[in-house]
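Engineer: There's a structure below that I have some questions on.
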Amino acid sequence: MMLNLVLFGPPGAGKGTQSQKLIDRYQLVHISTGDIFRAHIANQTDLGQRVSKLIAAGELVPDSITIAMLEEEIDKNPQAKGFIFDGFPRTVAQAEALDRFLESKGSGITGVVALDVTEEELTVRIAKRKAVSNRADDDSEKLKKRIEEYFNKTIHVLPYYEKQGKLTKVNGIGDIEAIFEEIKGVVDGFQ
Ligand code: AMP
């Protein structure tokens with residue numbers, strides 16, 4: 001059985017940080033669609049050129065592009081013991097596509113951990129990250145757009161997984177190690 005986790009949360013919730021720790025602990029392949037898009041942009045690929053403006057503006061990349069890219073990443077790792085999906089799915093259509101794709105491989109999502117962080121805390125964190133990340137989309141106007149995209153489109157992914165009985169919320173505010181301990185408890189419960 002594969003261990004396929006979705007780490008869910010708004011921009012700045014700590015998905016990247018906690019993903020890194022989960023990979024080390026469970027030997028999963030990390031798929032961060034944001035990281036993959038940024039690599040395409042840095043390498044000036046065709047895909048990178050198609051998405052760079054949207055990403056710079058803090059808007060979501062269309063589902064068709066994102067889903068095709070994600071499926072390609074999964075197929076690059078046929079030996080994986082499992083995946084951690086970070087920043088994907090961000091729409092219900094993406095969540096449905098992921099289910100269909102994994103099912104076609106005789107697999108599925110094991111569970112979803114949603115990091116719960118208030119909007120106020122997110123704004124403070126991203127302002128700090130801006131100073132070190134060099135991400136143009138961490139700037140305040142773009143950030144507003146990203147948070148808006150989250151509340152308009154991405155939040156609907158939560159009830160999708162809740163209906164499947166796969167969703168667990170974890171408080172994402174506090175000490176990084178303490179949050180990780182809680183996530184570990186949840187993930188160990190999935191197995
Ligand atoms: P992230 O690093 O996850 O915050 O993603 C950075 C940006 O990449 C987002 O603001 C979107 O423009 C784009 N992006 C990343 N993942 C997705 C996704 N699953 N669906 C649509 N756009 C995405």
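The values are calculated or read from the model by the stated rules, or taken from the named source; none is laboratory data. Model, not experiment: these values are computed from the prediction. Glycine gets a Cβ as well: all are built from the backbone with ideal geometry, and neighbour counts include every protein chain shown. Only protein heavy atoms, including side chains, enter the accessible area calculation; ligands, DNA and RNA are left aside. Shrake-Rupley method; radii C 1.70, N 1.55, O 1.52, S 1.80 Å.
Engineer: Does A178 satisfy the condition of being assigned to a helix (DSSP H, G or I), open to solvent by 60 Å² or more (accessible area, probe 1.4 Å), on the phi < 0 side of the Ramachandran plot and small (G, A, S)?
Structural biologist: no
Engineer: Could you look through region 83-109, keep only residues that are assigned to a helix (DSSP H, G or I) and among the small types (G, A, S), and pick out the one that is surrounded by the most Cβ atoms within 10 Å (Cβ to Cβ)?
Structural biologist: A95
Engineer: Being touching a residue at least 60 places away in the same chain (Cβ under 8 Å), open to solvent by 60 Å² or more (accessible area, probe 1.4 Å) and closer than 16 Å to G16 by Cβ is the filter here, so list the residues in region 126-144 that pass it.
Structural biologist: Correct list: R129 only.
Engineer: For region 8-36: of the residues being in a loop (DSSP other than H, G, I, E, B) and not polar (S, T, N, Q), which is nearest to the ligand (Cβ to nearest atom)?
Structural biologist: Restricting to residues being in a loop (DSSP other than H, G, I, E, B) and not polar (S, T, N, Q), the top hit is P11.
Engineer: Out of curiosity, is D75 open to solvent by 30 Å² or more (accessible area, probe 1.4 Å) and out of contact with any helix residue (DSSP H, G or I) (no Cβ under 9 Å at 6 or more places or on another chain)?
Structural biologist: Spelling it out, D75 is indeed open to solvent by 30 Å² or more (accessible area, probe 1.4 Å) and out of contact with any helix residue (DSSP H, G or I) (no Cβ under 9 Å at 6 or more places or on another chain).
Engineer: Within region 163-174, is there a residue that is among the hydrophobic types (A, V, I, L, M, F, W, C) and assigned to a helix (DSSP H, G or I)?
Structural biologist: Checked region 163-174: no residue is among the hydrophobic types (A, V, I, L, M, F, W, C) and assigned to a helix (DSSP H, G or I).
Engineer: Something else now. Would you confirm whether any residue within region 55-66 is in a helix (DSSP H, G or I), surrounded by 14 or more Cβ atoms within 10 Å (Cβ to Cβ), in contact (Cβ under 8 Å) with a residue 12 or more places away in the chain and more than 10 Å from the ligand (Cβ to nearest atom)?
Structural biologist: No: zero hits.
Engineer: Run K166 past the list (1) more than 15 Å from the ligand (Cβ to nearest atom); (2) open to solvent by 60 Å² or more (accessible area, probe 1.4 Å) and report the number of the one that doesn't hold.
Structural biologist: Answer for K166: the failing condition is (2).
Engineer: Output yes when any residue across region 37-54 is within 8 Å of the ligand (Cβ to nearest atom) and touching an Asp or Glu at 6+ places or on another chain (Cβ under 8 Å), and no when none is.
Structural biologist: No: zero hits.
Engineer: Here are the criteria: (1) surrounded by 19 or more Cβ atoms within 10 Å (Cβ to Cβ); (2) among the β-branched types (V, I, T); (3) within 23 Å of L115 (Cβ to Cβ). Tell me which single one V51 does not satisfy.
Structural biologist: Single failed check for V51: (3).
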